[in-house]
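Visitor: So that we are looking at the same thing, I have put the structure below in structure tokens.
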Amino acid sequence: MSTFKAPKGTYDLIPPYSAKYLAVRDAISGPLRLSGYGYVETPGFEDVDLFARGVGESTDIVTKEMYTLTTKGGANLALRPEGTASVLRAALEANLHKAGGLPVKLWYSGSYYRYERPQKGRYRHFSQVGAEAIGAEDPALDAELIILADQAYRTLGLRNFRILLNSLGDQECRPVYREALQTFLRGLDLDEETVRRAEINPLRVLDDKRPEVQKQLAGAPMLRAYLCDACKAYHEEVRALITAAGVTFEDDEKLVRGLDYYTRTTFEFVHDGLGSQSAVGGGGRYDGLSEMIGGPALPSVGWALGVDRTVLALEAEGVELDIPAATSVFAVALGEAKPVLFGLVTELRKSGIAADISYGGKGLKGAMKDANRSGARFAVVAGDRDLAEGVVQLKDMESGEQSPVALAEVAEVLRAKLA
Ligand code: AMP
């Protein structure tokens, strides 16, 4: 072991386990790529003010969880704690909203950083796949994103997840509700920090998980009763479109989420096998965010699904992903056969067959061990005598059967057998 360890709250993805992460990222991005979303990649760090303004000055993410740094040049940067603000910043900077029709639909995949108290399912470095539809106010977009996330989870084989749905209202109705909620909260017996939160962002108090707070919240005014007609109609349409797609969801009046930029549609995907860190993904509409970071009015909606927690959810449900073995053909070269089989392996790889060869001058026993370990379907074994006869031994690793095949034909035979 080296003197160093992965930093607290982080972990390494090691084969073969790491293959699950790739499969999850593929499964989440697959439906997006079929639905008009283009891939976007942004830097791992941004101007700290992008998040302060975008995510919200009073949120846990900004006040407690950002990794910030000052560069030698004096710039104040933060490792990205989430994707939406960066993706919107990139879209605005590239003028994507002026380039073609709206919405601009983008998807991304990457690492995010939050200085949180680590526990199972909550890390300081984690991985998300996200999607944003920028510049259009249309309930069909909100519905599309929820349906695509549902499809991704189902394709992976997840069943025990639930979709929680709420509307947070807009600039017209939310302030009225906010005031009513604040008046209610001022009458409660809350700790200092919660009192402060109630003044800055009272909706987030509803999200407080502590039982002593939840008990006092019984009887709090609910946003549903304050939604304006436009927000009500919008929400009903989102609900109808999701229902028509056969996706089930639960209305959750208390769902507010920890980021300030959400308006109207808000949703979360929770998995019941994960204990306290049950949210596997979440998102919503953020109609005001573009203006908050200095752009034009661009109503938008998006989500981010956590890859780490999706893998944990698959494990909790006992779902085994159908991940093909990393290697299909393994070459075992003895004596002078190495360059010939090395050439064969190169040719197979070029034609898209996963092939590998034993390295380090091992004998037959050691090299066959490598072949077994690789999980390959076939082994190609050859020594000096085989080469003299112009053949290789083709071994079916499942049945154990072995037969000679002409060297000139083995690539073709393998392609046919693996097709
Ligand atoms: P959020 O941006 O907080 O809405 O998070 C979206 C998703 O990212 C969550 O539902 C989680 O699956 C995942 N996530 C957020 N924070 C963490 C974390 N600290 N560790 C692991 N996954 C996380």
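Visitor: Using modelled amide H (1.01 Å from N, peptide plane; none on Pro or chain starts), what sits under 5 Å from the amide H of S109, excluding residues fewer than 5 places away?
Guide: G130
Visitor: Which shape class, rounded, prolate or oblate, goes with segment 207-286 when its Cα gyration tensor gives a ≥ b ≥ c as root eigenvalues, a/c under 1.5 marks rounded, and past that a/b bigger than b/c marks prolate?
Guide: Judged from the Cα gyration tensor, segment 207-286 comes out oblate (a/c at least 1.5, b/c at or above a/b).
Visitor: State the Cα centre-to-centre distance between segment 241-319 and segment 353-393 in whole Å.
Guide: 50
Visitor: In Å, what is the Rg of the alpha-carbon atoms in segment 168-316, and how long is Dmax?
Guide: Rg then Dmax for segment 168-316, in Å: 16.5, 46.
Visitor: Gap in Å between the Cα centre of segment 78-144 and the Cα centre of segment 10-51?
Guide: Cα centres, segment 10-51 to segment 78-144: 11 Å.
Visitor: Another question, then. Run through segment 242-271 and list the trypsin sites (Lys or Arg not before Pro) located in a DSSP loop whose Cβ has at most 16 other Cβ atoms within 10 Å.
Guide: K254
Visitor: Given the -39500 (n - 2.57) contribution per DSSP H run of 4+ residues, what per-residue ellipticity at 222 nm results for the chain, rounded to the nearest 500 deg cm²/dmol?
Guide: -11000 deg cm²/dmol
Visitor: Around F45, which amide H atoms from residues at least 5 apart in sequence, or from another chain, sit under 5 Å from its own amide H, with H modelled in the peptide plane?
Guide: Placed amide hydrogens put R80 under 5 Å from F45.
Visitor: While we're on this one: If I model a spin label at Q402 and A316 as a point 7 Å from the Cα along the Cα→Cβ vector, what separation in nanometres do I get?
Guide: Simple spin-label model gives 4.8 nm for this pair.
Visitor: Output the direction-averaged projected area (hull surface divided by four) of the convex hull of the alpha-carbon atoms of segment 260-390, in nm².
Guide: 14.2
Visitor: Hand me the trypsin sites (Lys or Arg not before Pro) from segment 123-202 located in a DSSP loop with no more than 11 other Cβ atoms within 10 Å, in residue order please.
Guide: Filter output for segment 123-202: R159.
Visitor: Within segment 307-395, what percent of beta bridges assigned by DSSP are antiparallel, to the nearest 5?
Guide: 25
Visitor: At most 13 other Cβ atoms within 10 Å and a DSSP loop assignment: could you name the GluC sites (Glu not before Pro) in segment 29-123 that fit?
Guide: The qualifying sites are E41, E57.
Visitor: Please report the carbon-and-sulfur percent of the accessible area for segment 329-418; probe 1.4 Å, protein heavy atoms only, DNA, RNA and ligands left out.
Guide: Exposed carbon and sulfur together represent 51 percent of the surface.
Visitor: Can you tell me, using C-alpha contacts under 8 Å and at least 6 residues apart, the relative contact order of the chain as a whole percent?
Guide: Relative contact order of the chain: 16 percent.
Visitor: Here is a follow-up. I need the per residue convex hull volume for segment 1-53, using only the alpha carbons, in cubic angstrom as a whole number.
Guide: Once divided by residue count, the hull of segment 1-53 is 161 Å³.
Visitor: Counting only DSSP beta bridges with both residues in the chain, tell me the antiparallel percent, nearest 5.
Guide: For the chain, the DSSP antiparallel bridge percentage is about 80.
Visitor: Right, another one. Please report the Cα spread of the chain along all three principal axes, rounded to whole Å, starting with the longest.
Guide: Sorted largest first, the three principal extents are 91, 52, 44 Å.
Visitor: Quick one: length gained pulling A6 to E336 fully straight, 0.36 nm per residue minus the C-alpha distance?
Guide: In short, 114.5 nm is gained.
Visitor: Another question, if that's okay. Over all Cα pairs of segment 1-141, how is the pair count split among 10 Å bins, expressed in % and running from 0 up to the last occupied bin?
Guide: Histogramming segment 1-141 at 10 Å steps yields 10, 33, 35, 18, 3, 0 percent.
Visitor: Then there is this: In segment 329-418, if every C-alpha pair distance is counted and binned at 10 Å from zero, what percent goes to each bin?
Guide: 19, 58, 23, 0
Visitor: Given the options L227, A331, A143, identify the residue whose Cα lies farthest towards the positive end of the charge dipole of the chain (+1 on Cβ of Lys, Arg; -1 on Cβ of Asp, Glu).
Guide: Among L227, A331, A143, the one farthest towards the positive end of the dipole of the chain is A331.
Visitor: Return the FRET efficiency for the residue pair S351, Y67: r is the Cβ-Cβ distance, R0 is 60 Å, and the value is rounded to the nearest 0.05.
Guide: Taking R0 as 60 Å, the efficiency between S351 and Y67 is 0.85.
Visitor: OK, next. Over segment 329-418, calculate the relative contact order: mean separation of alpha carbon pairs under 8 Å at least 6 apart, over the residue count, as a percent.
Guide: Values: 131 pairs, mean separation 26.2, N = 90.
This gives 29 percent for segment 329-418.
The values are calculated or read from the model by the stated rules, or taken from the named source; none is laboratory data. Small disclaimer: the values here were computed from a predicted structure and weren't measured. Backbone-built Cβ (ideal geometry, glycine too); neighbour counts: all protein chains shown. Remember, those area values only see protein heavy atoms, side chains included, never the ligands or the DNA or RNA. Shrake-Rupley method; radii C 1.70, N 1.55, O 1.52, S 1.80 Å.
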